[in-house]
Each structure stands twice: as C-alpha cells, then as structure tokens.
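The values are calculated or read from the model by the stated rules, or taken from the named source; none is laboratory data. Since this is a predicted model, take the numbers as computed values, not measurements. Glycine gets a Cβ as well: all are built from the backbone with ideal geometry, and neighbour counts include every protein chain shown. Areas reflect the complete protein model, heavy atoms only, side chains present, ligands, DNA and RNA absent. Shrake-Rupley method; radii C 1.70, N 1.55, O 1.52, S 1.80 Å.
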Amino acid sequence: MAFVGVLALQGSFNEHIAALRRLGVKGVEIRKPEQLETVASLIIPGGESTTMAKLAEYHNLFPALREFVKMGKPVWGTCAGLIFLANKATGQKIGGQELIGGLDCTVHRNFFGSQIRSFEAELAIPELAAKEGGPEVFRGVFIRAPAILDVGPEVKVLADYLVPSNEALDSNSAVEAQEENTGSEKKVIVAVRQRNLLATAFHPELTADTRWHSYFLKMATETGEEASSSIVAVGADLNLDQQPKIDLPIFQ
C-alpha cells in the first residue's frame, strides 16, 4: 500500500501535510530515495530552492525523483517545487542549481523580487472551479515567488497573473515576460499542468482553500494510478524511517 508523499527536506511541508489531513488523507514525509517507493504521488513544497537542491543532492534524491516523474506518478511542485520540476530555470544564483525537470517550461526563479515584494492576488481558475466547485477565483499567496515565462505545446495553463506596469520586479524578470494586450501590463503564468505534473508559483497550502490539493489527489486516477489503493486515510500506521527535521527559512 502506498501513500501521498511530501518532500520534507526544508520548507512548507508541514502545511501541505495539514492540508491533506483536512481532506482526510495521510501525508508522509519523504527524505530518502527508498521512501519514494512507498508513495503513489508526491508534493514538492515551497522553500529556499537552492538549499532544497543541496539537501536533495546530499541525500542522493535526484535520480530517484527523476525516475518517479518518468514513471508517470503525479507530482505537484509549489513555488520552489515548481522550479525543481521545470526543464529550464533563469534568474538563479551563481552556479545555478540542479533540477528534476520533466515540465516543459521556462521559469524565472525570483520573478517578483525579494521577500518584501510578497503579495496576495485573486486568480481566475476556471478549470479548478469546474472540477472542484467553489468560487471562480483563488486567493494566491506569492512569497518571493517564481513565474513561468513560457510553456511547451503539451502544457496546459491553469492560471496566469497580470503584473501591473508600476509593480517592481526582479531587474531581469520583465524582459522575458509576455506582453498583455493593453501594453501596460505583463502577463506571466502561475499555474500549469502537463500530464502527471502540476505546478503552482503560489502557496495553496498557506490558505484554508483545499481545492488545489483535492485536484492533485484526483490526478492519480487520471494518470492511471489506482487511487483507491494508493491514498491512505488519516490514522493509518506508518513505519517509515524518519530523520530529524531541518529548520531553515521556508520560502524560495
């Protein structure tokens, strides 16, 4: 029997586990490659992406994570997790960072600037609302957030954001952003899906709205997984070896 995994190297993994719990699902902290064999799907949380990459490399997780993606198992990356899943990332620190890849897009690591530029915004989410019900908008929490600059033909855009012309961005961000029709605003993509991969530039786990988590859980069925046997209810007994938590800043 498999579980819903949450990569727990650093970042907001506890918040994702709490959101899953509100849906009656057990989330399992993943820190070792062999633990991926026990889960049917995986959430890669927001956090400090360079730190997360270094810890993943230290624990030799990248080969197992790439294989997990190639097997077609559902993977959702939020904020830093989006960066991990992208095939290409710009705006990285000197030396860059290792990526898992699989998501045919280019992401700008700190598109919206430093942490003091963090914000919340109402996002139109027609597909999510159609499948999960509720309002036609979602309150996105953007914390030192990335943005998707372009996507491949197999990537479905689930949400985008119009950046006001007077909103300060990272100095290298605006150059690559898509121009909106008005010419005074720039449109960037903030949520996408490509087959078994889901990615959001914002943090649904920091809100009370669990529709993104519900949408992700249903992807197991849509991508050919046996959802009925892979999702474990809260209260199930787990015997996974766990390492001490690493307390570092949580945001990308």
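Things worth noting here:
- Gyration tensor (alpha-carbon) shape descriptor, region 46-128, a/c threshold 1.5: oblate
- Amide proton proximity set for Ala145, modelled H, under 5 Å, gap of 5+: Phe112
- Long-range HN-HN contacts of Val25 with modeled amide H, under 5 Å: Val234
- Whole-Hz ³J(HN,Hα) from phi, Karplus 6.51 cos²θ - 1.76 cosθ + 1.60, for region 31-46, glycine and proline x: 10, 10, x, 5, 5, 5, 5, 9, 10, 9, 8, 9, 10, 9, x, x
- Cross-link pairs exceeding 19 Å in C-alpha to C-alpha distance, out of Lys88/Lys156; Lys131/Lys187; Lys26/Lys156; Lys88/Lys186; Lys88/Lys218; Lys32/Lys54, comprise Lys131/Lys187; Lys26/Lys156; Lys88/Lys186; Lys88/Lys218.
- Counting only protein heavy atoms and a 1.4 Å probe, region 1-157 has 38 square angstrom of accessible area per residue.
- Packing, taken as the mean count of other beta carbons within 10 Å per residue, orders the peptides 106-116, 152-162, 35-45, 17-27 from highest to lowest as 35-45, 106-116, 17-27, 152-162.
- Gyration tensor verdict on region 1-159 (Cα atoms; rounded if a/c is under 1.5, prolate if a/b is larger than b/c, oblate otherwise): rounded
- Neighbourhood net charge (9 Å Cβ-Cβ; Lys/Arg +1, Asp/Glu -1) for Ala129: -1
- Highest mean first, the peptides 209-217, 70-78 sorted by other C-beta atoms within 10 Å per residue fall in the order 70-78, 209-217.
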